[in-house]
1. So in segment 298-330, with the set limited to residues that are aromatic (Phe, Trp, Tyr) and at pLDDT 90 or above, which one is surrounded by the most Cβ atoms within 10 Å (Cβ to Cβ)?
2. Take the conditions among the charged types (D, E, K, R), buried (at least 17 other Cβ atoms within 10 Å of the Cβ) and either touching a strand residue (DSSP E or B) at 6+ places or on another chain (Cβ under 6 Å) or without any contact (Cβ under 8 Å) to a residue 24 or more places away in the chain (or both) and apply them to Glu295. Does it pass?
3. May I ask you to list the residues in segment 233-253 that are surrounded by fewer than 21 Cβ atoms within 10 Å (Cβ to Cβ) and not hydrophobic (A, V, I, L, M, F, W, C)?
4. Scan segment 167-176 and give yes if some residue there is over 20 Å from Met109 (Cβ atoms) and either at pLDDT 95 or above or in a loop (DSSP other than H, G, I, E, B) (or both), otherwise no.
5. Tell me the strands (runs of 3 or more DSSP E) entirely within segment 184-262 that contain at least 1 residues that are under 19 Å from Glu349 (Cα atoms).
6. What number of residues in segment 54-97 are loosely packed, with under 15 Cβ neighbours inside 10 Å, of a type in the set (Phe, Trp, Tyr) and either more than 35 Å from the chain's Cα centre (by Cα) or under 19 Å from Gly44 (Cα atoms) (or both)?
7. From the list Gln141, Gln166, exactly one residue is assigned by TED's automatic domain parsing to the domain that holds Ser273, surrounded by fewer than 22 Cβ atoms within 10 Å (Cβ to Cβ) and at positive phi. Which is it?
8. Consider Tyr342 against the criteria (1) touching a helix residue (DSSP H, G or I) at 6+ places or on another chain (Cβ under 7 Å); (2) part of a strand (DSSP E or B); (3) modelled with pLDDT under 90; (4) among the aromatic types (Phe, Trp, Tyr): it satisfies all of them except one. Which criterion is unmet?
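The values are calculated or read from the model by the stated rules, or taken from the named source; none is laboratory data. Nothing here was measured: the structure is a model prediction, and the numbers come from that model. All Cβ positions, glycine included, derive from the backbone under ideal geometry; neighbour counts span all protein chains shown.
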Amino acid sequence: MNGMIKRIAAVSLAVIMTAGGYAPACVGAVSASADSIGSFIYMGTYGDFTYVVEDGVLSITEYSGSDEDVVIPAEINDIKVTAVDYGVFTFKKSMKTLTIPDGVTNLGMGFQEAANLEAFIVDEDNTVYSSFDGVLYSKDQSELICCPRGKTSIIFPDGVRTINDQAFQKCTKLKGMKIPNIITSIGNEAFFNCTGFTEISIPDSVTSIGKYAFDDCTGVESITVGENNTAYTSVDGVLYNKDKTELICCPCKKTSVTIPDGVTVISDFAFDSCEDLTEITIPASVTRIGGWAFENTTKLKTINYLGTKEQWDAIEIGGDNEYLSADGINYTGSTSAETHSYPKASSIEYDGKYHRFRLSWTPVPDAERYGIAVYVAGKWKIQTQNIPASVTSYTSPKLKAGQTYKILVAAKVNGKWDLTSSASRAVNVTVR
């Protein structure tokens, strides 16, 4: 909840300051009885609607009714209704349809709590808005503005190109959708809290994804990206930018993640609400971890950092990342002052089908061979000590899924095994 409040604060200023175009959410009406304030402003009621008239422009400011089928009046006292304020229909849980007349050209958002709204019905003569399959669009249907929360399925028109900010926010009754390969832009919080989704597939056509677009989608197990997409990619079900320098979003159902070397930024809210995440491996290439990146990761216990404590301390870490505790981090890198001859773990790959893992490391100059040890019952047990110097990876045998092992890689140089700082440089691996 705190994360949501902070996220709303971060996005709302930009929304409030936006001028022109389509408002990224939905709007209200005037009265047969009216009061004059000054010479140009009138306030009044018309049925269940409260309205304001200012300089001849009539805006609906409140709706107090409980009808299932709500119709915004086309005019009041011979004045056309042209605007509906933000939040007029918030928490109207009885409302199932909303009819929008031709004169309304400024419809404010605020339908996320109208849990049973199933359809927008827009007058065909409206010059700004239209509806298709009950969903609110721009007139030319190039922008999807708002999907009713009560929708259980969706059909897209051929001309849609943009999914606006918060367009599907809290559409919990949708169990998934196929985003058409003509969509180019997905707005801020577009699919926030779509808890019915289990997978998100981003087509080749998408070149822009807004902040927190898939945040709090608590049922998602994997995010996939079309292989010909020029802006984004996915690795092991996690969303990155195309060149894999920024981790954008981790599916909430992931239990362990190994971030590829070369990633420099973990975005704001990237792992927010990943409540099943127990283990993460972070490369030394990371220089910034965004605010709230690990908020609500309550089960995160194993953090492998492929660098030194000094490197970790130099990372810019945003606020509200209390679950990313430095006290629980396993540092696997060596400091510049050290001259010991031991390898550094560079990556861990998992084979979920056969319950195996592959551990890779950086080569050690003059190494004669490498060895692998496993920490069992308080002691290091040698798994193998005959890995050739030309080989810098080790693939485990088939193991028990869910089991966690502490693994140490050592190098033999000048006839001696370097076991310096074994505990601090060991890597924890959880078999998938």
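1. Start the filter on segment 298-330 by keeping residues that are aromatic (Phe, Trp, Tyr), which leaves 305, 312, 323.
Narrowing the set further to residues that are at pLDDT 90 or above leaves 305, 312.
Working: Tyr305: 21, Trp312: 18.
Selected residue: Tyr305.
2. Working: among the charged types (D, E, K, R): yes; buried (at least 17 other Cβ atoms within 10 Å of the Cβ): yes; either touching a strand residue (DSSP E or B) at 6+ places or on another chain (Cβ under 6 Å) or without any contact (Cβ under 8 Å) to a residue 24 or more places away in the chain (or both): no.
Answer is no for this residue.
3. Residues satisfying the conditions are Thr233, Asp236, Gly237, Asn241, Lys242, Asp243, Lys244, Thr245, Glu246, Lys253.
4. Among the residues of segment 167-176, at least one is over 20 Å from Met109 (Cβ atoms) and either at pLDDT 95 or above or in a loop (DSSP other than H, G, I, E, B) (or both), which makes the answer yes.
5. Those strands (runs of 3 or more DSSP E) span 222-225, 232-235, 238-241, 246-249, 256-258.
6. Summing the residues that are loosely packed, with under 15 Cβ neighbours inside 10 Å, of a type in the set (Phe, Trp, Tyr) and either more than 35 Å from the chain's Cα centre (by Cα) or under 19 Å from Gly44 (Cα atoms) (or both) in segment 54-97 gives 0.
7. Gln141
8. Condition (2) is where Tyr342 drops out.
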